[in-house]
Every structure is written in C-alpha cells, then in structure tokens.
Amino acid sequence: MFRPSKSIVGLDLGSSVVKAVEISLEGPEPVVTGFSRVEIPPGGTTSEAIAAVFREGRFRSKRVVTSVAGQDVVVRYVSLVQMTDSELKSAIRFEADKYLPFELDEVVLDCQGLGSLVGAEGSEAADNQMNALLAACKTEAIESQVELVHDQGLQLAAIDVDLFALANAWELCGVMPDDLEEEARGIALVDVGATRTSINVLFGGQTCFSREINIGGKDMTEAVARRLSVEIFEAEAIKRASESHEAEVNSAIAPVLEDLVSEIALSLDYVEHHSGFSVEEILLSGGGVLAPGAAGYIEQATARRARTWNPLEGLRVDAQRVDVEELEAWAPTLVVAVGLASRVRAA
Ligand SMILES: Nc1ncnc2c1ncn2[C@@H]1O[C@H](COP(=O)(O)OP(=O)(O)OP(=O)(O)O)[C@@H](O)[C@H]1O
Ligand SMILES: [Mg+2]
C-alpha cells in the first residue's frame, strides 16, 4: 500500500510567472502529482512568488530542480577527440577557455558527450572525433538561486539550463521518432516566454543547436500599451482578452511577431545549412504563443509545420491533488517546469 515513490518539483523561475510541476515515479511510471503557478505582480519578487506557489500547490516533496537562462549562461557545441565522459569532465576545464567569454574562475562548468550523430550528412565527425556540449554558468547566478530556494525551506536537487529542460520535456513526453524516416529530420522546440524566446533543435532525439532571442510576450504587451495609449497592466489584460480589441491587438503585436519569426527562421536556416538535415516541424510553448494568431503566423512565416505543444500529453495526472482544468489551460507554458521535474527519473 505504501509503495515508496520519488518526487521532484520542477520549479521554473520565469521572469513573469513562477511555475511548478511535481512529477512522482509510481513504480516506473511518471505521474503529475502537483501543480501551481503564480504571476509576479508589478513590484513583486520571485521569492514571494515561490512562497505562494508552495502555499497553493499541494506538493508531496520539497525537493526542487530549477534552471538558469539568459546572459548568465553560455552553451557551446564543440568537437573534440573521442573520450569517455569522465575524461571529458577533466579535459573540459582546459578546453573551456577557448570557447567561453567568461573567466574560468567565475563560472561553473558542465559538459556532455553527444556521440557523432550530430553533424549528420556532409559534416560527419571524423572517426576519432566526438561532439560535446559545453555549458557554463556564472557562479554568482548559481549562488543566488541556491539562496533563493534555501530561504524558502526547499531542497535543491539540481540546477539545469532552460534550453535543455525543453529537450528533457520532449523526451519525457515520449514523442521520440519511431521510424527511420522520422529520425532523418530535425525538430525545433521554441518557447516564447515574457522576456525571451528559447530555441532548441533536436536531431535524432539529440540537441544540436540552441539559442535565446530577447523577444517575448512583454514586447507584445508594450506594443499594445503604445498602440492604445494605456498602462502596461491594462495592455496585458487587453492582450489576453483579445476579442475586446481584436484588430488593434493584432496589428500592435504583428511587428513583434515579425521580428521574432525572422530570428527563428534565421536560426533554422543556419541549422539546415550546417547540418544537411531539414527542420520540418516546430513545437511551440511558452505564454507568448497564447497570443492571438501567433502559432498560425509562425507556421506560415517560417513555411514549416508548427503546433502548440502540450508537454503533459500522455502523462497520468493525479486528479486528487491537481486542478486538472487549470493544468490543461496552462499546459503550453509548463514545458520548462515539466522538463526540470523529469529529472525525477535520475533522482
Ligand atoms: N492569453 C494570452 N495571450 C497572450 N499572451 C499571454 C497570454 N497568457 C499569457 N501571456 C503572456 O505570456 C508571457 C508569460 O509566459 P511564460 O510564463 O512562458 O513567461 P516566463 O517564463 O515568465 O518568461 P521568461 O521565460 O521570458 O522568463 C507573458 O508575457 C504574458 O503576457
Ligand atoms: Mg520561461
């Protein structure tokens, strides 16, 4: 009756909304056992939002995984001589300063071998070479996150990178390609947040390109505020209830979407050019894609299939503990939180 279960809360410290999703392993099965989201009001702090998230969500566990993003993090794809993971970990300290814009004593480094899959046709790694992913984060960013979490009486199980959480959520969803034809194409995960958009391109299930663009929902809100000459908080409400001012909202956010899409298209063209495979599908997430017409516009302007993605598809939800309707309504904004919580499988 009391089967032991492991739980992790994926805590996405977004710039506008703190989101938490708890996943527990019941036997081998990952089950959603907790969910809460709290918007950070003007003048509010992340710390207050975390406290509110844990008051409101009925989480089993206080073990959280958070993530870093933005200017504090640099991710590089490097080509090295074949080596084991432990050799890689020690070698990377010596290699890192070639690739990083930071002083080595200011950062925490992590790395992972990617095998030789990445690079596909035309640029296949030589036999004795391997690709590796190198991530560096400013130590002070890690320290402030540790403090933020510990101050709330929570335990920090790991700190991840936003970009990789996207890929982990995708993997957890089980949308892995199951036939060869599917495997031969790339897929782009695109998360449009409030202040930034993260792109992670996967090929054969492995990440081979990632990038952040500093455009998001906040820019759309500001455009609506300018257009209608209203305060930011009013513009935010108008944007979300777009039926009230449909035409104005659409035309205000159009230039923002246009800039965003041109950056996305540039990235995808670059990936295709350098790797030789095509990126035919875009999976969209983040609050920014809830804007009216956003997904359709991205699909049309990138000339690629695009759909809004529910990272909970196929996952069982414990309806005793979770407000399923609320969870489903915000599902596309929970990709990072789900990806972070998916670490429960390794916990
Ligand atoms: N119905 C809606 N229509 C349009 N935009 C929406 C809607 N709901 C939420 N948003 C926007 O989504 C954004 C918040 O999304 P999300 O929670 O993904 O951001 P975040 O994770 O806090 O930001 P970031 O990742 O940039 O730090 C806000 O800019 C908000 O205005
Ligand atoms: Mg976000």
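The values are calculated or read from the model by the stated rules, or taken from the named source; none is laboratory data. Just so it is clear, the structure is predicted and the values come from calculations on it, not from any experiment. Positions of Cβ are backbone-derived with ideal geometry, glycine not excepted, and every protein chain shown enters the neighbour counts.
Inside region 284-302, can you point out the residues that are modelled with pLDDT of 95 or more and either of a type in the set (K, R) or not in a helix (DSSP H, G or I) (or both)?
Selection gives L284, S285, G286.
Yes/no matrix, rows are residues, columns are (1) surrounded by fewer than 14 Cβ atoms within 10 Å (Cβ to Cβ); (2) outside any helix (DSSP H, G or I); (3) touching a residue at least 40 places away in the same chain (Cβ under 8 Å); (4) touching a strand residue (DSSP E or B) at 6+ places or on another chain (Cβ under 7 Å):
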{"residue": "V230", "(1), (2), (3), (4)": "no, yes, no, no"}
{"residue": "E236", "(1), (2), (3), (4)": "no, no, no, no"}
{"residue": "S244", "(1), (2), (3), (4)": "yes, no, no, no"}
{"residue": "S251", "(1), (2), (3), (4)": "yes, no, no, no"}
{"residue": "V256", "(1), (2), (3), (4)": "no, no, yes, no"}
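Among the residues that make up region 276-286, is at least one of them out of contact with any His (no Cβ under 8 Å at 6 or more places or on another chain) and free of Cβ contacts under 8 Å to residues at least 60 places away in the same chain? Step through it out loud before you land on a result.
The first filter runs over region 276-286 and keeps only residues out of contact with any His (no Cβ under 8 Å at 6 or more places or on another chain), leaving 276-286.
After this cut, where a residue has to be free of Cβ contacts under 8 Å to residues at least 60 places away in the same chain as well, the list is none.
No, every residue in region 276-286 fails to be out of contact with any His (no Cβ under 8 Å at 6 or more places or on another chain) and free of Cβ contacts under 8 Å to residues at least 60 places away in the same chain.
Against the definition (part of a helix (DSSP H, G or I), under 23 Å from A303 (Cβ atoms) and touching a residue at least 24 places away in the same chain (Cβ under 8 Å)), how does A265 come out, yes or no?
Against the criterion (part of a helix (DSSP H, G or I), under 23 Å from A303 (Cβ atoms) and touching a residue at least 24 places away in the same chain (Cβ under 8 Å)), A265 qualifies.
For V322, only one of the following conditions fails: (1) surrounded by fewer than 19 Cβ atoms within 10 Å (Cβ to Cβ); (2) over 20 Å from the mean Cα position of the chain (by Cα); (3) of a type in the set (V, I, T). What is its number?
Only one criterion is unmet by V322, namely (1).
Looking for something within 16 Å of ligand 2 (Cβ to nearest atom) and at negative phi - is there at least one such residue anywhere in region 274-282?
no
Consider R321 carefully, then state whether it is assigned by TED's automatic domain parsing to the domain that holds S36 and more than 16 Å from ligand 2 (Cβ to nearest atom). Give the derivation first.
Values: assigned by TED's automatic domain parsing to the domain that holds S36: yes; more than 16 Å from ligand 2 (Cβ to nearest atom): yes.
Considered against the rule, which asks whether it is assigned by TED's automatic domain parsing to the domain that holds S36 and more than 16 Å from ligand 2 (Cβ to nearest atom), R321 comes out as yes.
Residues are listed down the side, and each one gets a yes or a no for (1) closer than 19 Å to L172 by Cβ; (2) within 16 Å of ligand 2 (Cβ to nearest atom); (3) surrounded by fewer than 21 Cβ atoms within 10 Å (Cβ to Cβ); (4) free of Cβ contacts under 8 Å to residues at least 12 places away in the same chain:
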residue	(1), (2), (3), (4)
S36	no, yes, no, no
I40	no, yes, yes, no
G44	no, no, yes, yes
S47	no, no, yes, no
F54	no, no, no, no
R58	no, no, yes, no
T66	yes, yes, no, no
A69	no, yes, no, no
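So, in region 180-224, how many residues would count as being acidic (D, E) and either under 24 Å from K239 (Cβ atoms) or at pLDDT 95 or above (or both)?
Total satisfying the criteria: 4.
Confirm whether E281 is over 20 Å from the mean Cα position of the chain (by Cα) and either in a loop (DSSP other than H, G, I, E, B) or within 23 Å of I187 (Cβ to Cβ) (or both).
Details: over 20 Å from the mean Cα position of the chain (by Cα): no; either in a loop (DSSP other than H, G, I, E, B) or within 23 Å of I187 (Cβ to Cβ) (or both): yes.
Answer is no for this residue.
All but one of (1) at pLDDT 95 or above; (2) surrounded by fewer than 22 Cβ atoms within 10 Å (Cβ to Cβ); (3) assigned by TED's automatic domain parsing to the domain that holds G288 hold for E147; which doesn't?
(3)
One line per residue, one yes/no per condition, for (1) among the small types (G, A, S); (2) within 27 Å of V31 (Cα to Cα):
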| site | (1), (2) |
| --- | --- |
| E140 | no, no |
| H150 | no, yes |
| L154 | no, yes |
| V190 | no, yes |
| A194 | yes, no |
| G204 | yes, yes |
| K218 | no, no |
| R226 | no, no |
| E234 | no, no |
